[in-house]
Amino acid sequence: MNIKDYLKLATENFKINLNDTQLEQFEQYFYLLVEWNEKINLTAITDEQGVAVKHFADSLSFFNYIDVPKGASIIDVGTGAGFPGIVLKIARPDINLTLLDSLNKRLVFLQEVLDETGIEAKLVHSRAEDGAKKVEYREQFDFAVSRAVAQLNILSEYCLGYVKKGGKFIALKGPNADEEIINAKKALQIIGGKLINKYTFDLPMDGGCRNILEIQKINSTPPKYPRNSGKIKTSPL
């Protein structure tokens with residue numbers, strides 16, 4: 001089986017249906033990921049089944065639970081190798097996507113993915129805490145998404161400043177989200193968010209347990225947040 005076969009099998013019960021063009025784009029993305037991964041560290045997973053399930057299907061599971069209006073603006077904070085942002089854009093070309101990352105060489109990789117697949121997104125070279133203070137990004141997005149490994153109280157401070165009031169921050173997490181949710185309660189209250197749903201599911205083909213956390217932006221984020229990275233990490237909310 002090739003990457004397209006694995007992806008079709010992994011998403012056969014998903015809400016999103018991938019057409020032949022989209023499957024071709026995912027195949028192009030896969031080959032670029034593997035090629036560039038030999039030059040810069042993008043992912044520990046490089047086999048076709050692993051990428052199809054643990055990167056592509058994992059990112060696409062977003063649409064099983066989150067309703068995204070046509071033309072919605074989405075920023076992927078700390079996008080890394082483009083997960084979930086590029087995956088979401090391939091599946092839903094109508095969304096307006098911004099990819100933010102602090103490492104320029106990752107953005108060079110992402111630009112090649114955009115060029116080769118023919119999709120459009122805005123690339124922003126910035127640390128998450130700096131970008132959220134800039135007027136052109138501050139509370140400008142319908143959704144912020146992140147698949148970062150940081151704890152939810154830390155991740156929320158990085159991401160919620162990008163979300164307009166009434167919008168949502170969606171955190172794609174691994175199996176152990178409950179403790180993170182408890183520890184993030186104070187942070188969410190301070191920054192203006194409220195957890196409204198937690199979706200727990202198993203990835204297909206024994207890909208493991210995942211959680212998607214849906215956080216509503218109910219109040220504007222106070223101007224002092226996010227703080228600088230050192231304070232966020234050493235004194236989390």
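Out of the residues in the stretch 203-229 meeting the condition of being modelled with pLDDT under 95 and of a type in the set (Gly, Ala, Ser), tell me which one is surrounded by the most Cβ atoms within 10 Å (Cβ to Cβ).
Per the stated criteria, the residue is GLY207.
Can you name every residue in the stretch 43-55 that is modelled with pLDDT of 95 or more and exposed (fewer than 13 other Cβ atoms within 10 Å of the Cβ)?
Matches in the stretch 43-55: none.
Pick from ASP20, ASP58: which is modelled with pLDDT of 95 or more, of a type in the set (Asp, Glu) and within 17 Å of LYS173 (Cα to Cα)?
Answer to the selection: ASP58.
Condition check ((1) more than 27 Å from VAL53 (Cα to Cα); (2) of a type in the set (Gly, Ala, Ser)) across all residues:
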site	(1), (2)
ALA171	no, yes
LYS194	yes, no
PRO204	no, no
CYS209	no, no
ILE212	no, no
PRO226	yes, no
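Is it fair to say LEU114 is at pLDDT 95 or above and out of contact with any helix residue (DSSP H, G or I) (no Cβ under 7 Å at 6 or more places or on another chain)?
yes
Is there a residue being under 15 Å from the mean Cα position of the chain (by Cα), among the basic types (Lys, Arg) and closer than 11 Å to LYS217 by Cα anywhere in the stretch 144-151? Can you show your working first?
If we filter the stretch 144-151 for residues that are under 15 Å from the mean Cα position of the chain (by Cα), which is where we start, we get 144-151.
Of the ones still in play, those that are also among the basic types (Lys, Arg) are 147.
Add one more test, that the residue is closer than 11 Å to LYS217 by Cα, and what stays is none.
No, every residue in the stretch 144-151 fails to be under 15 Å from the mean Cα position of the chain (by Cα), among the basic types (Lys, Arg) and closer than 11 Å to LYS217 by Cα.
Go through (1) free of Cβ contacts under 8 Å to residues at least 40 places away in the same chain; (2) surrounded by fewer than 16 Cβ atoms within 10 Å (Cβ to Cβ); (3) assigned to a loop (DSSP other than H, G, I, E, B) one by one and return the number of the condition MET1 breaks.
With (1) free of Cβ contacts under 8 Å to residues at least 40 places away in the same chain; (2) surrounded by fewer than 16 Cβ atoms within 10 Å (Cβ to Cβ); (3) assigned to a loop (DSSP other than H, G, I, E, B) applied to MET1, the lone miss is (1).
Would it be correct to say that ILE40 is surrounded by fewer than 21 Cβ atoms within 10 Å (Cβ to Cβ) and in contact with a Leu (Cβ under 9 Å, 6 or more places away or on another chain)?
Details: surrounded by fewer than 21 Cβ atoms within 10 Å (Cβ to Cβ): yes; in contact with a Leu (Cβ under 9 Å, 6 or more places away or on another chain): yes.
Yes, satisfied.
Checking ASN64 against (1) farther than 30 Å from LYS224 by Cα; (2) open to solvent by 20 Å² or more (accessible area, probe 1.4 Å); (3) part of a loop (DSSP other than H, G, I, E, B), only one condition comes out false. Which one?
Of the numbered conditions (1) farther than 30 Å from LYS224 by Cα; (2) open to solvent by 20 Å² or more (accessible area, probe 1.4 Å); (3) part of a loop (DSSP other than H, G, I, E, B), the odd one out for ASN64 is (3).
Only helices (runs of 4 or more DSSP H) wholly contained in the stretch 84-202 count here; list those with 2 or more residues that are surrounded by 21 or more Cβ atoms within 10 Å (Cβ to Cβ) and at negative phi. Talk me through it step by step, then tell me what you get.
Numbers: elements: 85-91, 104-117, 128-131, 152-159, 178-183, 185-191.
Once the helices (runs of 4 or more DSSP H) in the stretch 84-202 are filtered for at least 2 residues that are surrounded by 21 or more Cβ atoms within 10 Å (Cβ to Cβ) and at negative phi, what remains is 85-91, 104-117, 128-131, 152-159, 185-191.
The values are calculated or read from the model by the stated rules, or taken from the named source; none is laboratory data. The structure presented is a predicted model; accordingly, all values stated were derived computationally and were not measured. Cβ: placed from backbone, ideal geometry, glycine included. Neighbour counts: every protein chain shown. What goes into the accessible areas is simple: the full protein's heavy atoms, side chains included, and nothing from ligands, DNA or RNA. Shrake-Rupley method; radii C 1.70, N 1.55, O 1.52, S 1.80 Å.
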